[in-house]
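Student: The structure's right below; bear with me while I get my questions together.
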Amino acid sequence: MVLGVDVGGTKVAVAAVDGVTVLEATEDRTITHTTEALLDGIEAVVRRMIDKVGEPEAIGVGVPSQIDYATGTVETSVNIPLTGVPLREELGRRFGLPVFVDNDANCAALAEAHILGEDNLVMLTLGTGVGGGVVTGGMTFRGAHGLGAELGHVTLNPDGPPCPGNCPNRGCIEAYCSGQALERDATELAQDKLDSRLATAIGDDGKVSGRELVEAAEAGDSDALLIFDNFARMLGVAIAGYVNVFEPDRLTIGGGLSRASHLFLERAIQEANARALPALLRRTKIALAEGGADAGVIGAAVLAGQEVAAQKAARYSKAARDND
């Protein structure tokens, strides 16, 4: 039994996991005013779970951050004060247990792959920003130092709009296929067409919210549908690129925006069909994620389980060599 911890901007979720089955789960709100308070909050909810289920073999932690995987140190972090923190070492010291730390989108992709029984999977998480993860041979692909697979920051148009996230790029996938991009496009159109439905949806903050845009599109508003059509087209371009590079068995779409998939997924698949290499695309299933709300904790727990198994295998191998 291992624990999976999913640290988000609003809540810290912890689950005791066996394989991909959640045995017990709990959560607390995320305390973000200082690093020490955040770490204390994580420790408190994890200890509450340990008191309930007993000591685990290891703890896996997913955070919305770039992680130097070998050391578990946070390079940069979004929405939570962890930049520069040696998180693996700090939590390992607090719990006296093996701790493994990875990016939250990597954890979600790992969960999806193992829940579905897919060894080769690419996952895109569409939300405020665009994240993603790559699983090959059942294991997470991270690049040389654990910072790779930043799927949301691949360039689609070098002269496109600035990335709305913590990224110096222009025209990357996050600049076209994120919640922030949708709100930007809807607001710009509303300001240009003052007689449009979207213009009436401009809020007190001077923006059209994603919720208002979705409602307008579902009601058949042509301006809102045009925005989603462009969103879908650019997503299809991105999907085709990932299929050509990784040739996964499954490419899965998750994140909060996936709840509006009826407005863009079919069109995105059509675009991908027109652009990806046919021999690769016909071997890839493109579908919505199935891991649900527990994907983060399950993926973090799978990560911990994989690392524990790898360490045991290494010890057995060394013992065998020593006995020869």
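Student: With springs only between Cα atoms under 10 Å apart, run a GNM on the chain and tell me which of PRO168, PRO278, PRO248 wobbles the most.
Tutor: PRO168
Student: Expected output is a single nm value to one decimal: the length gained when fully extending between HIS262 and ALA293, i.e. 0.36 nm times separation in residues minus the C-alpha distance. What is it?
Tutor: Stretched fully, the HIS262-ALA293 segment lengthens by 9.2 nm.
Student: Grab the Cα-Cα distance for THR10 and PHE141, subtract it from 0.36 nm times how many residues apart they are, and report the gain in nm with one decimal.
Tutor: Using 0.36 nm per residue and subtracting the Cα-Cα distance, I get 44.4 nm.
Student: What does the charge count near VAL63 come to, summing +1 for each Lys or Arg and -1 for each Asp or Glu among other residues with Cβ under 10 Å from its Cβ? Before the final figure, lay out each step's value.
Tutor: Values: positive: none; negative: ASP6, ASP102, ASP104.
That works out to -3.
Student: Would you mind computing Rg(Cα) / (2.2 N^0.38 Å) for the chain, counting N as its residues?
Tutor: In units of the 2.2 N^0.38 Å rule of thumb, it is 1.06.
Student: Just add up the charged neighbours of SER209: K/R +1, D/E -1, any other residue whose Cβ is under 13 Å from the Cβ of SER209.
Tutor: -3
Student: From the Cα gyration tensor of the stretch 119-288, with a ≥ b ≥ c the square roots of its eigenvalues, which class applies: rounded if a/c is under 1.5, or else prolate if a/b is larger than b/c, or else oblate?
Tutor: Cα axes put the stretch 119-288 in the prolate bin.
Student: Next up: Using a basic spin-label model with each label point 7 Å from the Cα along Cα→Cβ, how many nm lie between LEU194 and GLU89?
Tutor: So the two model labels end up 5.9 nm from each other.
Student: Could I ask something else about it? All other residues with a Cβ under 10 Å from the Cβ of PRO98 taken together, and with Lys, Arg as +1 and Asp, Glu as -1, what is their net charge? If you can, show how the numbers build up before the last one.
Tutor: Numbers: positive: ARG88; negative: GLU57, GLU307.
My count for the surroundings of PRO98 gives -1.
Student: Once every DSSP H run of n ≥ 4 in the chain is given -39500 (n - 2.57) and the sum is divided by its residues, what mean residue ellipticity at 222 nm do you get, rounded to the nearest 500 deg cm²/dmol? Could the numbers behind the result be given before it?
Tutor: Values: 11 runs with 142 residues, N = 324.
After summing the helix terms and dividing by residue count, I get -14000 deg cm²/dmol.
Student: Continuing with this model, one more query. What list do you get for PHE228, PHE141 if you sort them by fewest beta carbons within 10 Å?
Tutor: With the sparsest Cβ surroundings first, the list reads PHE141, PHE228.
Student: Rounded if a/c is under 1.5, else prolate if a/b beats b/c, else oblate: with a ≥ b ≥ c from the C-alpha gyration tensor eigenvalues square-rooted, which is the stretch 25-157?
Tutor: Since a/c reaches 1.5 and a/b is larger than b/c, the shape of the stretch 25-157 is classed as prolate.
Student: Under a crude label model (7 Å from the Cα following the beta-carbon direction), how far is GLU218 from GLU36 in nanometres?
Tutor: Simple spin-label model gives 4.6 nm for this pair.
Student: Right, another one. Relative contact order (percent) for the stretch 207-324, with alpha-carbon contacts under 8 angstrom and 6 or more residues of separation?
Tutor: The normalised contact order for the stretch 207-324 reaches 27 percent.
Student: Considering the Cα trace of the stretch 202-324, what is its radius of gyration and what is Dmax, both in angstroms?
Tutor: Final numbers for Rg and Dmax: 21.5, 74 Å.
Student: Also, quick follow-up: Just rank VAL7, VAL53, VAL302, fewest to most, by other beta-carbon atoms within 10 angstrom. Could you put the intermediate results ahead of the total?
Tutor: Values: VAL7 27, VAL53 13, VAL302 24.
With the sparsest Cβ surroundings first, the list reads VAL53, VAL302, VAL7.
Student: Between ASP51 and THR71, what's the calculated FRET efficiency when r is the beta-carbon distance and R0 is 22 Å? Round to 0.05. List each step's numbers first, then the result.
Tutor: On the way: r = 29 Å, r/R0 = 1.33.
Once the sixth-power term is evaluated, E becomes 0.15.
Read-outs: derived from the displayed coordinates by stated rules, not from any lab. Keep in mind that this is a model prediction, so the values were computed, not measured. Because the Cβ atoms are built from the backbone with ideal geometry, glycine has one as well, and the counts that use them run over all protein chains shown.
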